[in-house]
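Visitor: Have a look at this one.
The values are calculated or read from the model by the stated rules, or taken from the named source; none is laboratory data. It should be emphasised that the depicted structure is a prediction, and the values quoted were computed from it without experimental measurement. Ideal geometry is used to build each Cβ from the backbone, glycine not excepted, and the neighbour counts take in all protein chains shown.
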Amino acid sequence: MILSIESSCDDSSIAITEISTAKLLFHRKISQESIHSSYGGVVPEIASRLHAQELPKILYEAKNFLNNSFSSIKAIAVTTEPGLNITLIEGLAMAKALAFSLNVPLISINHLKGHIYSLFIGKIQGIFPLSVLLVSGGHTLIIEAKNSMEMSIVAKSLDDSFGESFDKVAKMLSLTYPGGPIIEKYAERYAEKSHQLTPTFPIPLKNTKELAFSFSGLKNAVRMKILQSQEEGIDINTDEYRSEICHQFQHTACEHIIAQIKKYFEQKKEDKHSIGHFSIVGGASANTYLRNKVSELCQSYGWNLLLAPLEFCSDNAAMIGRAALEKYHRGDFANLSTLQASPRSSDGEFND
Ligand code: KG4
Ligand code: ZN
């Protein structure tokens, strides 16, 4: 079995994966969201302290699950990049101590690659080649994965990420952190009342040929609209007002994503070796509106869409354990004394 640890942001999580079957045997995650919520975002110092407190609790549970013996653990996997340095270090320190004391190899996992493997939890084989839309709090990327080792970024955000823009708009409307789920809820309420869609915000990068994402202009457009409403004496804290803004914002943000994926599919049409599997991963891939829109687009272009179960969209150690299986089979182990955490992905590529 592989014991995996995730602490790149505000989720403390440990999983145990069976090596021969890829079966997820144990998975536990303690989210810190409610604590960071009062600050309107993740406070790294607090997140780090909470990991130091929560990870050992989960480790006890994991040991209990294994009848108080780690003798069946053959490797320790840990997220080392990208993420918040001081939270990554908490998981890494635990991973090093475990690998050292159990005398088993240490496996370093890139968090973004982990999200890709959320698609294959419990499955022995991954599906490649695969194109991936990764939408999280820190990233908005289209990645092409030829196989488990060769992955490259073909589009990225020029500024904020998709998830981050939800968090910021939620803050503007005095809603809780994380913004994604709550904005989606308010947006649904507006749609349920079968309102006509009032004029939305301008769709970012509409007239550019470049395959890229941008959310800071949209975020500012929302800010300006809220300021203008306040000047007009509109109460911005009513459910009605929040629902309308959330609906307009979510619609525009998703239309932007769809327009870029469409561009990507068009480019691939001309490519003889076009890739037939598409997927959405990352915390924001839990967004139902986005899932439905991407699903429709995939259908019309003939791409097969892969989605991870909702519980594995946000950060978790199960996806880290599944990604680690690949490295375990290759014997690709990290050096206990030199392995470090890094806030950035090495090279912005995944060829680690
Ligand atoms: O992958 P994740 O758990 O953490 C990072 O690696 O960043 O993603 C968290 C992000 C947050 O920005 C959160 O607001 C966003 O994912 N998110 C959503 C939804 N659920 C979570 N964004 C839009 N719609 C959602 N339903
Ligand atoms: Zn993540």
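Conditions (1) under 30 Å from Ser174 (Cα atoms); (2) modelled with pLDDT of 95 or more, marked per residue:
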position: Asp271; (1), (2): no, no
position: Gly276; (1), (2): no, no
position: Ala286; (1), (2): yes, yes
position: Glu296; (1), (2): no, yes
position: Asp332; (1), (2): no, yes
position: Asp347; (1), (2): no, no
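Visitor: Let me ask something else about it. Quick one: in the range 24-64, which of the residues that are outside any loop (DSSP other than H, G, I, E, B) and of a type in the set (Ser, Thr, Tyr) is nearest to Met1 (Cα to Cα)?
Guide: Tyr60
For every residue, the table says whether it meets (1) more than 16 Å from ligand 2 (Cβ to nearest atom); (2) part of a loop (DSSP other than H, G, I, E, B); (3) exposed (fewer than 15 other Cβ atoms within 10 Å of the Cβ).
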| residue | (1), (2), (3) |
| --- | --- |
| Ile234 | yes, yes, yes |
| Ala253 | yes, no, no |
| Lys262 | yes, no, yes |
| Val294 | yes, no, no |
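Visitor: Within the range 264-279, does at least one residue satisfy the condition of being β-branched (Val, Ile, Thr), in contact with an Asp or Glu (Cβ under 8 Å, 6 or more places away or on another chain) and either closer than 30 Å to Leu3 by Cβ or in contact (Cβ under 8 Å) with a residue 12 or more places away in the chain (or both)?
Guide: Yes, the range 264-279 contains a residue that is β-branched (Val, Ile, Thr), in contact with an Asp or Glu (Cβ under 8 Å, 6 or more places away or on another chain) and either closer than 30 Å to Leu3 by Cβ or in contact (Cβ under 8 Å) with a residue 12 or more places away in the chain (or both).
Visitor: Can you name the condition, by its number, that Ser7 falls short on among (1) in contact (Cβ under 8 Å) with a residue 60 or more places away in the chain; (2) more than 18 Å from Gly321 (Cβ to Cβ)?
Guide: Ser7 satisfies all of (1) in contact (Cβ under 8 Å) with a residue 60 or more places away in the chain; (2) more than 18 Å from Gly321 (Cβ to Cβ) except (2).
Visitor: Yes or no: Ser69 surrounded by fewer than 23 Cβ atoms within 10 Å (Cβ to Cβ), within 16 Å of ligand 1 (Cβ to nearest atom) and either of a type outside the set (Asp, Glu) or closer than 30 Å to Phe249 by Cβ (or both)?
Guide: For Ser69, the condition - surrounded by fewer than 23 Cβ atoms within 10 Å (Cβ to Cβ), within 16 Å of ligand 1 (Cβ to nearest atom) and either of a type outside the set (Asp, Glu) or closer than 30 Å to Phe249 by Cβ (or both) - is not met.
Visitor: Test Val43 against the criterion of being without any contact (Cβ under 8 Å) to a residue 12 or more places away in the chain and touching a helix residue (DSSP H, G or I) at 6+ places or on another chain (Cβ under 7 Å), and give yes or no.
Guide: Against the criterion (without any contact (Cβ under 8 Å) to a residue 12 or more places away in the chain and touching a helix residue (DSSP H, G or I) at 6+ places or on another chain (Cβ under 7 Å)), Val43 qualifies.
Visitor: Right, next: In the range 265-285, how many residues are in a helix (DSSP H, G or I) and surrounded by 21 or more Cβ atoms within 10 Å (Cβ to Cβ)?
Guide: Qualifying residue count for the region: 3.
Visitor: Looking at the range 125-141, is at least one residue within 20 Å of Leu24 (Cα to Cα) and out of contact with any strand residue (DSSP E or B) (no Cβ under 9 Å at 6 or more places or on another chain)?
Guide: Yes, there is a match, as at least one residue in the range 125-141 is within 20 Å of Leu24 (Cα to Cα) and out of contact with any strand residue (DSSP E or B) (no Cβ under 9 Å at 6 or more places or on another chain).
Visitor: Now, a different point. Among the listed residues Leu305, Leu310, which satisfies the condition of being among the hydrophobic types (A, V, I, L, M, F, W, C), surrounded by fewer than 17 Cβ atoms within 10 Å (Cβ to Cβ) and away from ligand 1 (no atom under 16 Å from the Cβ)?
Guide: Result: Leu305 is the single residue among Leu305, Leu310 that is among the hydrophobic types (A, V, I, L, M, F, W, C), surrounded by fewer than 17 Cβ atoms within 10 Å (Cβ to Cβ) and away from ligand 1 (no atom under 16 Å from the Cβ).
Visitor: Can I ask one more? Of the residues that make up the range 218-226, is at least one surrounded by fewer than 20 Cβ atoms within 10 Å (Cβ to Cβ), farther than 20 Å from Lys262 by Cβ and within 16 Å of ligand 1 (Cβ to nearest atom)?
Guide: No, every residue in the range 218-226 fails to be surrounded by fewer than 20 Cβ atoms within 10 Å (Cβ to Cβ), farther than 20 Å from Lys262 by Cβ and within 16 Å of ligand 1 (Cβ to nearest atom).
Visitor: Taking only pairs six or more apart or across chains, which ones have beta-carbon atoms under 9 Å, a first residue in the range 296-322 that is assigned to a loop (DSSP other than H, G, I, E, B), and a second residue that is of a type in the set (Asp, Glu)?
Guide: Ser314/Asp11; Asp315/Glu6; Asp315/Asp10; Asp315/Asp11; Asn316/Glu6; Asn316/Asp11
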